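Here the structure is laid out as structure tokens; the discussion comes afterwards.
Bear in mind these aren't lab numbers, they're just calculated from the coordinates by the rules spelled out. The shown structure was predicted, so the numbers you read here are calculated from the model rather than taken from an experiment. In this analysis, Cβ positions are derived from the backbone assuming ideal geometry, glycine residues included, and neighbour counts consider all displayed protein chains.
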Amino acid sequence: MPKRQRQQQLAKVIDDNPFVTDEELMRTFQVSIQTIRLDRLELGIPELRERIKMMAEKSYDQVRSLPLHEVIGDVIDLQLDKSGISMFEIAAEHVFSRTKIARGHHVFSQANSLAVAVINDPVALTASADIRFIRSIKLGEKCIAKAYVRSLSRGKAKVEVFTYVNDELVFQGNFLIYHSKKELRGEGGSAHANSD
């Protein structure tokens, strides 16, 4: 493939998936890692870490419910009381040494902390979680968690989180989050928690 054509396709792939690594691009385009790096340099596209940092700086509200460093993974996008996205790469300390499969609590922690972070309240705590691990996640895989606030009422929020590796769903969770807001929807809110 001619260089110009490859660079156009490379720019499109990165635009479609900013989380793509140089190694993945190398396999996609069947060229060396140096060629990918040179292409990116010529196109003015920063490396993955820089892209994540830039996305995080320009595109989200400030987390209110917990310190940012307590959110598991890198927060990429956050719209309080609406939605959020985080990226978490499975490293050696997150896997079982023999199988190189991620320990479930790390995957859960990413989803749970994002579900709490998306709530626009200084006090937000997980009351319950209905979770499903769809497939094992391996060393080196990048988990992209997407949280959606499905309902928000006085003192309670329902948040659904989907975690993907590439485009494959690997984890799903429904979280009931208690928060301290009293002013939402007036007085008379329902006291019982629905479990969907």
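How tilted is helix 104-117 with respect to the longest principal axis of the chain? Cα atoms for both, answer in degrees (0 to 90, nearest 10).
60
What does the extension gain come out to for Leu139 and Arg154, with contour length at 0.36 nm per residue minus their alpha carbon separation?
Details: separation 15, 0.36 × 15 = 5.40 nm, distance 4.05 nm.
Gain on extension, Leu139 to Arg154, equals 1.3 nm.
Which value at 222 nm does the chain reach when only helices count, each DSSP H run of 4 or more adding -39,500 (n - 2.57), with the total divided by all residues and rounded to the nearest 500 deg cm²/dmol? List each step's numbers first, then the result.
Details: 5 runs with 58 residues, N = 196.
Helix-only estimate at 222 nm: -9000 deg cm²/dmol.
In degrees between 0 and 90, to the nearest 10, how far off the longest principal axis of the chain does helix 33-43 point, with axes built from Cα atoms?
It is inclined by approximately 80 degrees.
Which of Ser86, Ser151 comes first, and how do the rest follow, when ranked by fewest Cβ neighbours within 10 Å? Could the numbers behind the result be given before it?
On the way: Ser86 26, Ser151 12.
Arranged by neighbour count, lowest to highest, Ser86, Ser151 become Ser151, Ser86.
For Val149, Val13, what's the fewest-to-most ordering of other Cβ within 10 Å of each Cβ? Could you put the intermediate results ahead of the total?
Numbers: Val149 21, Val13 15.
Lowest count first: Val13, Val149.
At a temperature of 4 °C and a viscosity of 1.567 mPa s, determine how fast segment 3-53 diffuses translationally according to Stokes-Einstein, using the Kirkwood radius over alpha-carbon pairs as Rh; express D in µm²/s, rounded to the nearest whole number.
Details: Rh = 10.7 Å.
It diffuses with D of about 121 µm²/s by this estimate.
How far apart, in nm, are two points set 7 Å out from the Cα along the Cα-to-Cβ line at Gln8 and at Thr21?
Taking the two extended label points, one gets 3.0 nm.
Just the Kirkwood number for the chain, please: inverse of mean 1/r across all distinct Cα pairs, in Å, one decimal.
Numbers: mean 1/r = 0.0547 Å⁻¹.
The Cα-based Kirkwood calculation yields 18.3 Å.
Under a 5 Å amide H to amide H cut-off, with H placed in plane at 1.01 Å, what residues pair with Gly140 once short-range neighbours are removed?
Those qualifying (amide H under 5 Å, at least 5 residues apart or on another chain) are Ile90, Ala91.
Helix 3-16 versus the longest principal axis of the chain: what angle, 0 to 90°, nearest 10, using Cα atoms?
Compared with the principal axis, the helix lies near 10 degrees.
Can you sort Arg150, Arg40 from fewest to most other Cβ atoms within 10 Å of each residue's own Cβ?
Working: Arg150 12, Arg40 20.
Going from sparsest to densest Cβ surroundings: Arg150, Arg40.
Run the numbers on the chain and let me know its relative contact order in percent, using alpha-carbon pairs under 8 Å that are six or more apart. Before the final figure, lay out the partial values.
Numbers: 346 pairs, mean separation 32.0, N = 196.
Reported as a whole number, the value is 16 percent.
For segment 144-156, in order, what is each residue's ³J(HN,Hα) by Karplus, 6.51 cos²θ - 1.76 cosθ + 1.60 with θ = phi - 60°, in whole Hz (x at glycine and Pro)?
Per-residue couplings from phi come out as 9, 9, 10, 10, 10, 7, 8, 7, 9, 9, 4, x, 9 Hz.
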